[in-house]
Amino acid sequence: MKRRLLITLVLLLLCIGGIGWVSYMQQKTVVLKFGMFAGSNWDVPNGDSYKIIDQAIERFEKAHPNVRVEYVSGLQKADYSEWLSQQALEGDLPDVYMVLSDDLYTFADIGMLEELDSYIQRDEKLTVKNYFTPALKSGQMNGRQYALPYESVPTMMYVNKTLLDKFGIALPDNNWTWDDFYTICEKVTLDSDHDGSMDTFGVYGYGWQNALASNDATIFNASGTSATLANDKVYEAVEFTRKLEELNKGQSVNSAMFDKGMVAFCPMKFSEYRTYKPYPWRVKKYTNFEWDCIPMPAGPEGDTLSMGISASSSHKKLAWEFLKSLCYDTTAQKDIFKYSQGVSVLKDITGSKQVMEYLQVVKMEVIIKALEKMETLENQ
């Protein structure tokens, strides 16, 4: 009888201890490390770069009381890739981190990034069709997903409407071609006072990289392992750029000329449009002419900032949830339009009436079309 009582007492103590251990483990704080850089990925001023992240962390920690998310502040974009590489060498990679488009292939190839396909397949709350396809593909290598898109910026052509009106030229439509582009540039490149120096020009800032993307061409294959220079599309792009340059007859066209209204066209990332267009919360940069945006001739371009999970993370399940809280959560994606200069990678967010009204963009369909067809320039 005593022996039975003793065994019962031991079992009871073990149960109490087990419950206490489970309770302790539940209350034990898990630290998730997040890798990010300060400022804008699009190289424009941004004083709110931490707001989206801080607010997302606050929501995530509230939903996960035993988790604390930490990041290193003040890290600049120019130093970020080297910092990440150093963290990898020291075995201290963040659990979740931003992935620049230039770094994706390298980080995936050397095993720094966790492959995400199995996470996506198991997660019933995430539907990849909700992403713009080019943005989603920006996080892929060899058909495998290594990062989720966070924010995109399409490149479009910005047009000096006042200058076109002066020459009696209509604003090109969304399906304009290289021939249309060249014809307009040829008409407006003019020495109007006959002093031997051009007074107006066709385009500033349109380089061979723009022409390559517009001609559906690249100088490397999809995995970045071999060059594709011996390609007719590459030759056509370079030749077209040379023809445009010849119109200037040796004169150098710069950004100050575009600012003064002397240039008809200028390729510009949407982030620059967000920064300089006269939104209520932005400074108006161009004051002496009316301007608008249209798609790039023969096809838009752009860039996407992605985020991934460290392959060496000890908290991959939590890391996946935090990754989604930035790259798939509707609140975080809406905040991109408030505190950043890019565009949400989710179709429902960017295409919503609320966002269209917030941005005050009359031709929002131009932005959506650019996101649907976007090619990334950063890997050219």
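The values are calculated or read from the model by the stated rules, or taken from the named source; none is laboratory data. Small disclaimer: the values here were computed from a predicted structure and weren't measured. Cβ: placed from backbone, ideal geometry, glycine included. Neighbour counts: every protein chain shown. Just the protein is used for accessible areas: all its heavy atoms, side chains included, with ligands, DNA and RNA removed. Shrake-Rupley method; radii C 1.70, N 1.55, O 1.52, S 1.80 Å.
Okay, here's what the table says:
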{"item": "Helices (runs of 4 or more DSSP H) enclosed by region 106-212 - at least 3 residues per element that are under 20 Å from Lys249 (Cα atoms)", "result": "178-188"}
{"item": "Matching residues in region 300-343 - criterion: being assigned to a helix (DSSP H, G or I) and within 28 Å of Asn210 (Cα to Cα)", "result": "Cys327, Gln333, Ile336, Phe337, Tyr339"}
{"item": "Filter result for the condition that a residue is open to solvent by 60 Å² or more (accessible area, probe 1.4 Å), within 23 Å of Thr350 (Cβ to Cβ) and free of Cβ contacts under 8 Å to residues at least 24 places away in the same chain, over Lys137, Lys187", "result": "Lys137"}
{"item": "Flag if Asp195 is farther than 19 Å from Ser271 by Cβ and at pLDDT below 90", "result": "yes"}
{"item": "Conditions (1) at pLDDT below 90; (2) of a type outside the set (A, V, I, L, M); (3) in contact with a helix residue (DSSP H, G or I) (Cβ under 8 Å, 6 or more places away or on another chain); number of the one not met by Phe240", "result": "(1)"}
{"item": "Residues that are open to solvent by 70 Å² or more (accessible area, probe 1.4 Å), among the polar types (S, T, N, Q) and part of a helix (DSSP H, G or I), drawn from region 45-99", "result": "Gln86"}
{"item": "Extreme residue, farthest from the chain's Cα centre (by Cα), among residues of region 106-122 that are open to solvent by 20 Å² or more (accessible area, probe 1.4 Å) and closer than 26 Å to Lys347 by Cβ", "result": "Arg122"}
{"item": "Selection from region 150-172 of residues that are open to solvent by less than 20 Å² (accessible area, probe 1.4 Å) and farther than 16 Å from Cys185 by Cβ", "result": "Tyr150, Glu151, Ser152, Val153, Pro154, Thr155, Met156"}
{"item": "Exclusive hit being crowded, with 18+ Cβ neighbours inside 10 Å, at pLDDT below 90 and basic (Lys, Arg), set Lys363, Lys373", "result": "Lys373"}
{"item": "Tally, over region 17-44, of residues that are modelled with pLDDT of 55 or more and assigned to a helix (DSSP H, G or I)", "result": "1"}
{"item": "Residues (in a helix (DSSP H, G or I), surrounded by 12 or more Cβ atoms within 10 Å (Cβ to Cβ) and under 27 Å from the mean Cα position of the chain (by Cα)) located in region 229-270", "result": "Lys233, Val234, Ala237, Val238, Thr241, Phe258, Asp259, Phe270"}
{"item": "Residue among Val343, Val355 that is within 18 Å of the chain's Cα centre (by Cα), under 15 Å from Tyr150 (Cα atoms), among the hydrophobic types (A, V, I, L, M, F, W, C) and modelled with pLDDT under 90", "result": "Val343"}
{"item": "Checklist (1) within 19 Å of Tyr80 (Cβ to Cβ); (2) touching a residue at least 40 places away in the same chain (Cβ under 8 Å) applied to Asp123, failing item", "result": "(1)"}
